[in-house]
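Trainee: Have a look at the structure that comes next, please.
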Amino acid sequence: FDWMSETSGLILFLMANSSSSYSFNYIISVNRLNDFVHYTVYHTGQRVDGPLITFGDIAVSTGFKNADPCTARECKWERSTDGLVYVPYVISNQYSPDELKVIERGLRSFADVSCIRFVPHEGQRHFLYIKSHSGCYSYLGRQGGGQVVSLERPGCVYHHTVQHELLHALGFHHEQNRSDRDKHIKIFFENIKPAQRHNFMRRETNNLATPYDYKSVMHYSRKAFSRNKEPTMIPIPDGNVVIGEARSMSRNDILRINRLYCRSLKCCQTV
Ligand SMILES: [Zn+2]
């Protein structure tokens, strides 16, 4: 299996941390076989006084950190001559039949609204390896060879989480990292756990002429990574707008996929 040999050099440093309201795991991985050093930080959280919640996070390649959604770089998946973008995947055998249904529904949902086609891996060079690792995370864009999308069971096996991590794998960053985010949210760095402040840095993103979207499945909720139960971000000018509670891709999430990958394709111009 190509993926196994390519990642045999993976070094994992695992640290665990917990607080009264959330528990988090952090992981840093270094892939020595690549030109880039991959720093992976991911987190899962369970709120004691609420429903199970999970935050997907991304593995940051140093070469791509300002290139979301990396339109000009090789982290974009290639378009086939038939106009479709095939993204091969392997799903590990760790999942129950019901969990598999959720994951497969998430994979299929892209075909309904875009030129993206997640297809079972049949020897292609580049592919996603969907497995239950420790948390929900994905690399940002295509990395080359096999790349892990972690959907830990059962906490990450939800439709919106599957879509969220797959959008990272297609090259999309979190909404609150957008270049224009300061017009739409105010960040309270003093309320963010110090080790997680990098998750709130503004990025030079390609926004594909789409508006900032509080309903994006890529938007964090207002108390994400709070160290004191106070908000880490508040929408402006209307602080009461709901943020970060999407249960599926928004209209703008879909529009971005189409603008990045499916331009001038007849099937998708009406989206
Ligand atoms: Zn994420």
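Trainee: Got a sec? What order do S138, S248 fall in by accessible area at 1.4 Å, biggest, i.e. largest, first? Don't skip to the end; give the middle numbers.
Mentor: Numbers: S138 0, S248 55 Å².
Largest accessible area first, the residues go S248, S138.
Trainee: Taking H as built 1.01 Å from N, whose amide H comes closer than 5 Å to the amide H of I116, not counting residues under 5 places away?
Mentor: Sorted by chain and number, the residues that satisfy this are V85.
Trainee: Between their Cα atoms, which of K183/K223; K131/K193; K76/K223 are more than 30 Å away from each other? Each step should come with its number before you reach the end.
Mentor: Details: K183/K223 19 Å; K131/K193 28 Å; K76/K223 32 Å.
Violating the 30 Å limit, Cα to Cα: K76/K223.
Trainee: While we're looking at this one, here's another question. Return one whole number: the accessible area per residue of region 135-271 in Å², for a 1.4 Å probe.
Mentor: Details: 5650 Å² over 137 residues.
That works out to 41 Å² for each residue.
Trainee: Mind listing the long-range amide H neighbours of I185? Cut-off is under 5 Å, sequence gap 5 or more, other chains count too, H placed in the peptide plane at 1.01 Å from N.
Mentor: So I185 has HN proximity to I236.
Trainee: Once phi is turned into ³J(HN,Hα) by the Karplus curve 6.51 cos²θ - 1.76 cosθ + 1.60 with θ = phi - 60°, what whole-Hz value does each residue of region 124-135 show in order, with x for glycine and proline?
Mentor: Each residue's phi maps through the Karplus curve to give 4, 5, 9, 7, 9, 10, 8, 8, 8, 9, 8, x Hz.
Trainee: Let me ask you something else. Which whole-number value in Å³ per residue fits the convex hull of the alpha carbons of region 149-200?
Mentor: Values: hull volume 5.8 nm³, N = 52.
It is 112 Å³ per residue.
Trainee: Grab the other residues whose beta carbon is less than 10 angstrom from that of S216, score K and R as +1, D and E as -1, and report the net.
Mentor: Details: positive: R178, K215, R251, R256; negative: E175, D213, D253.
After counting each charged neighbour, the total is +1.
Trainee: If you stretched the chain out fully between R227 and D182, how much longer would it get, using 0.36 nm times the residue separation minus the C-alpha to C-alpha distance?
Mentor: Details: separation 45, 0.36 × 45 = 16.20 nm, distance 2.14 nm.
Between R227 and D182, full extension yields an extra 14.1 nm.
Trainee: In what order, largest first, do E104, E245 sit by accessible area if the probe radius is 1.4 Å? Please list the in-between numbers first.
Mentor: Numbers: E104 70, E245 120 Å².
Accessible-area ranking of E104, E245, largest first: E245, E104.
Trainee: Determine one quarter of the surface area of the Cα convex hull of region 100-254, which equals its mean projected area, and express it in nm² to one decimal. Show your work: numbers first, answer last.
Mentor: Working: hull surface 39.5 nm².
Its average projected convex-hull area is 9.9 nm².
Trainee: Oh, and also: Using the Cα atoms of region 83-161 to build a convex hull, what is its mean projected area in square nanometres?
Mentor: Numbers: hull surface 21.4 nm².
Projected over every direction and averaged, the Cα hull of region 83-161 covers 5.3 nm².
The values are calculated or read from the model by the stated rules, or taken from the named source; none is laboratory data. All of these numbers come straight from a predicted model, not from anything done at the bench. All Cβ positions, glycine included, derive from the backbone under ideal geometry; neighbour counts span all protein chains shown. When the accessible area is computed, the model is the full protein with side chains, heavy atoms only, and any ligands, DNA or RNA have been set aside. Shrake-Rupley method; radii C 1.70, N 1.55, O 1.52, S 1.80 Å.
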